[in-house]
Amino acid sequence: MISKNKVIYFLVAVVAGLLLLNVLLGLTKKKSNKNVINELSKERIEQNFLSVLNNMGIIDEWIVKNRIHEGLYDSIKSKFKIKVPSGITIPLILKDLNEKFVTQPVEISSKEVKIHGTTSLKINSGKNTKLISEFKYYPELTRSFSEVGFLLTDFDDLDENEINDLFNLAIPFGVVLPLEIGSVKFAENIKGKGLEYFILIDDASDHIEFELNEEFDLNRLSRNIKSIISTFNSPEIFFVDGSNFKFSNNILSFISSEFQKKGRRISELNEIVEIKGDNKADLISLLHFHQSNLRSGDRKLYKLKAMDWLNIQDEINDFTKKGNKIIRPTKIF
């Protein structure tokens, strides 16, 4: 039988153990709290602030940093004045600034001093004001920009949900479809969405009235070309792939002439720069490479797989945010 004293000693030991455990947990909590950043430096805030402006195509000449009166703020000595060019809104800038600092220990406040005029901004951290800025519209200022278009291939590889995602995008693009009877329905859907489609003609169509075979006589070739154009009446440009379109120069010249008679023309798909990669990282890297080579006023057309187009939408949004434009492919031809 356990004595009363032993029970008391046991309970005392348990209480002491719990007290010790509580102390240890408290020390661990205090130690972890030391790693929590509760204030962001003025330099880091300014760096992030300027990064957002740069990503929106606001150049250094439109960013002025002036000294402010002493005594107004203890923690800062200067104020930014931002000239906002046409094609961009102050609310959009504020939105991106808030997203940039969303996980940071800062408080962002803004006030529209004058409707459609000046907006003031203040960023606090650690109970101190770290940055103040003023935004004002300057409609006469214009960001330099380039214009690019995109042709999507392998559209028929997408499933229904992916096609819906594609059609829900607000950015224009063109789709290259194979010369097959199944492309008729795709073409109607694409045109119904206000987008452009193009047909890749070849000598291996699955429809007898679309066949273009070098063994055919000229009358049959002419009839089939009329059938292709009447079925796919929308595009003015039809593509060929030189690596798969094997015709003699005389037959190719005849085919081109027949298309021209109907107000259409043949273009080589392989001459358009392709953006591709073994994975998403490679794809984005190549896209950034081509974007970096664009200059103000440039117009460029690219081709890529439809699935890859879906995968680079964040990068496309970043590209247009700087003021660049995505336009319909036919505006570039």
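The values are calculated or read from the model by the stated rules, or taken from the named source; none is laboratory data. Since the model is a prediction, treat every value here as computed from it, not as a measurement. Cβ placement follows ideal geometry from the backbone for every residue including glycine, while neighbour counts extend to all protein chains displayed.
Just a few scattered comments:
- Of the residues making up the range 107-130, just one is acidic (Asp, Glu) and either more than 29 Å from the chain's Cα centre (by Cα) or at pLDDT below 90 (or both), namely Glu112.
- Residue that is farthest from Asp308 (Cα to Cα) [pool: residues in the range 173-207 that are at pLDDT below 85 and of a type outside the set (D, E, K, R)]: His207
- Filtered residues of the range 225-246 (kept if hydrophobic (A, V, I, L, M, F, W, C) and within 13 Å of Glu196 (Cα to Cα)): Phe232, Ile237, Phe238
- The lone exception for His69 - which of (1) in contact with a helix residue (DSSP H, G or I) (Cβ under 7 Å, 6 or more places away or on another chain); (2) part of a loop (DSSP other than H, G, I, E, B) it fails: (1)
- All conditions in (1) modelled with pLDDT of 55 or more; (2) not in a loop (DSSP other than H, G, I, E, B); (3) not assigned by TED's automatic domain parsing to the domain that holds Asn128 hold for Leu53, with the sole exception of (3).
- So Ile82, is it touching a Phe, Trp or Tyr at 6+ places or on another chain (Cβ under 9 Å) and modelled with pLDDT of 95 or more: yes
- Single residue of Asn293, Asn324 found to be polar (S, T, N, Q), farther than 24 Å from Leu200 by Cβ and crowded, with 16+ Cβ neighbours inside 10 Å: Asn324
- Qualifying residue in the range 295-305 (condition: farther than 21 Å from Val148 by Cα, assigned to a loop (DSSP other than H, G, I, E, B) and not polar (S, T, N, Q)): no
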